[in-house]
Amino acid sequence: FCDYRGEGVAYLTATTRTERPVSVVRLHTPLSVLFRYNTGHARQRVLEEYEHEAIRAADRIVSPSRALADEIRQATGDDLSIDISPHPVDPRFLECDISADDYDGDEILYVGRFEERKGVETLARAAGAFLRELSDARLVMIGGDTNKSAAEPSMRKVVEALIPRALRGRVEFIDRLPREELFEHYRRARICVFPSHFENFPNTCLEAMALGRCTIGTTRSGMAEMIEDGVSGVVAPAQDADALSAAIVNVWRFPPERRRAMGEAARERIRSRYHPDVVAGELERLYGGYLESHPRRASMPRAVWRERRPRVAVVIPCYNHGAFLREAIESVRAQSYDRVECVVVNDGSTDPATLKALAEAEREGARVIHQENAGLAAARNAGVRATDASFFAPLDADDRIEPEFVESLLQPLLDEPALGYCYSHVRFFGDASGGWECPPYDPRKLLIENVSTATAVVRRRAFDEVGGYQPDMIYGFEDWDFWIALLGAGYH
């Protein structure tokens with residue numbers, strides 16, 4: 001799972017380590033870290049906590065940089081065990097022939113978003129000093145704009161305003177470019193500078209170094225781990241415009257042969273440490289170790305459950321829906337799983353056509369239960385309690401299920417005892433078209449809105465534990481209430 005927006009939180013908090021495969025959260029840069037350095041942005045506390053909870057619940061945590069690992073420990077307040085596995089460089093940057101490149105150009109290049117965390121304001125303040133001292137230098141800044149705050153919608157305009165008016169003619173702003181178009185900009189640069197206040201493991205620094213550029217990064221970032229300070233680049237203090245300006249002036253004035261030697265050392269550093277083959281090999285060994293040390297989950301072998309073959313009851317409540325009943329029953333009879341019984345509950349129907357359809361269904365072998373009209377929830381309860389099947393599936397009389405519905409949804413319930421039910425996507429038929437792709441199960445989201453239809457394969461034991469559907473909910477939402485009750489009983 002990625003850390004961003006806590007994408008793994010529902011699964012990781014709903015399962016235990018012994019119930020699931022080894023689960024890894026790979027860090028990028030969570031919102032709590034972004035907001036720490038983008039001070040004008042409104043916090044998103046709920047999403048931040050989702051991210052932290054997913055990180056804490058993971059079996060293993062992997063970060064591209066030690067810098068980010070330290071930030072995560074500080075943000076969560078936990079002394080987490082975090083393994084380091086860096087990002088690889090795009091190999092096209094290493095394959096490029098740079099033997100004829102000029103190391104004496106006039107460009108100082110920044111590539112990245114215009115974002116407070118990226119240090120663009122620090123760079124603009126430094127430019128007032130280094131552009132005055134380096135009369136033949138130009139600053140080129142390439143990247144997309146972002147807002148600094150609600151009151152300042154354009155960070156680029158903030159940066160432009162920080163450049164002294166007399167020097168603005170020597171600063172060029174270029175909007176975001178495709179990576180392929182960045183090659184020539186990198187290769188024209190005498191210096192590439194990435195002044196981030198915090199940065200995980202930026203591709204831009206990898207790319208510049210892979211192309212043999214003299215690169216300046218900052219502390220408090222993965223760049224300080226990429227760059228061997230003074231050998232394959234220069235590491236300057238973060239959030240210090242004076243120190244950044246001094247570093248730029250110093251590197252600019254290196255003799256050409258020293259800049260070339262630093263560029264060659266940078267290229268070799270990336271080739272030997274961050275080539276995709278190198279990173280993939282390390283990652284394979286890391287994940288292989290995870291698999292070796294992870295306890296095997298106690299799932300039921302497929303051969304065992306096929307031998308047991310539990311019965312599944314499909315319960316069809318029917319109130320004056322005789323026109324659709326045959327289709328619903330036929331969809332049950334067409335199931336690929338052959339231990340399925342059909343229970344129809346006549347919920348006090350008064351329509352003659354429906355009464356006729358019910359009689360036909362009973363003659364053709366369906367089990368039909370008759371009761372006074374009590375509502376959908378009560379009818380479902382009656383149908384479930386009339387059978388001793390280990391699992392059941394409620395099906396409205398005007399719906400139908402596809403042939404592999406029961407077999408497909410039964411398997412996860414047999415594999416995972418903590419599961420109370422399993423649902424599917426929905427496809428409309430008849431006068432309607434399209435469908436509903438039900439979202440992934442999320443216990444928190446379930447408390448806010450329903451995430452599935454009433455039709456699912458449900459564990460009978462779970463039904464009994466919560467007392468079934470609430471019969472007084474005659475105006476709808478009885479299925480949602482039932483799912484929440486299962487959650488309260490510890491089922492997912």
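Points worth noting:
- Mean separation of Cα contacts under 8 Å, 6 or more apart, over the residue count of the chain: relative contact order %: 12
- Distance between the range 365-413 and the range 444-480 - C-alpha centres, whole angstrom: 13
- Relative contact order (%) - the range 234-387, alpha-carbon pairs under 8 angstrom, separation at least six: 18
- Proximal lysines relative to Lys148, as straight alpha-carbon distance under 22 Å, when same-chain residues fewer than 8 apart are discounted: Lys118, Lys157
- Rounded to the nearest Hz, the phi-derived 3J(HN,Hα) couplings of the range 393-398 under the Karplus curve 6.51 cos²θ - 1.76 cosθ + 1.60 (θ = phi - 60°) are 9, x, 9, 5, 5, 9, where x marks glycine and proline.
- The sum of -39500 (n - 2.57) across all DSSP H runs of n ≥ 4, divided by the residue count of the chain, sets its helix-only mean residue ellipticity at 222 nm to -12500 deg cm²/dmol.
- Charged side chains reduced to their Cβ positions (Lys and Arg at +1, Asp and Glu at -1) give the range 4-87 a dipole of some 120 debye around its Cα centre.
- The chain: Rg to Rh, with Rh as the Kirkwood radius over Cα pairs: 1.16
- Centroid-to-centroid, using Cα positions, the range 179-235 and the range 240-265 are 12 Å apart.
- Peptides 74-82, 44-52 ordered by average Cβ neighbours within 10 Å, highest first: 44-52, 74-82
- Label-to-label distance for Arg271 and Gln74 is 3.6 nm, based on points extended 7 Å past Cα in the beta-carbon direction.
- Treating r as the C-beta distance of Leu47 and Asp481 and R0 as 22 Å, the FRET efficiency rounds to 0.20.
- Whichever aspartates and glutamates have a C-alpha closer than 13 Å to that of Lys356, once near sequence neighbours (fewer than 8 apart) are set aside: Glu364
- Here the label points at Leu177 and His425, each 7 Å from Cα along the C-beta direction, are separated by 4.0 nm in the simple model.
- For the pair Gln371 and Asp388, label points projected 7 Å from Cα toward Cβ lie 2.0 nm apart.
- With all projection directions averaged, the alpha carbon convex hull of the range 92-274 covers 9.5 nm².
- Charge dipole of the chain (Cα centre as origin; +1 on each Lys and Arg Cβ, -1 on each Asp and Glu Cβ, all else neutral): 960 debye, rounded to the nearest 20.
- DSSP-defined antiparallel bridges as percent of all bridges, the chain, nearest 5: 15
- Taking a ≥ b ≥ c as the square roots of the eigenvalues of the alpha-carbon gyration tensor, the range 163-267 is classed rounded because a/c is under 1.5.
- Global geometry of the range 302-488, whether rounded, prolate or oblate, following the gyration tensor of its Cα atoms and the 1.5 cut on a/c: rounded
FYI, it's all coordinate maths here, none of it is from the lab. For clarity, every value in this text was computed on a predicted model and none was experimentally measured. Every residue, glycine as well, gets a Cβ built from its backbone with ideal geometry; the counts of neighbours run over all protein chains shown.
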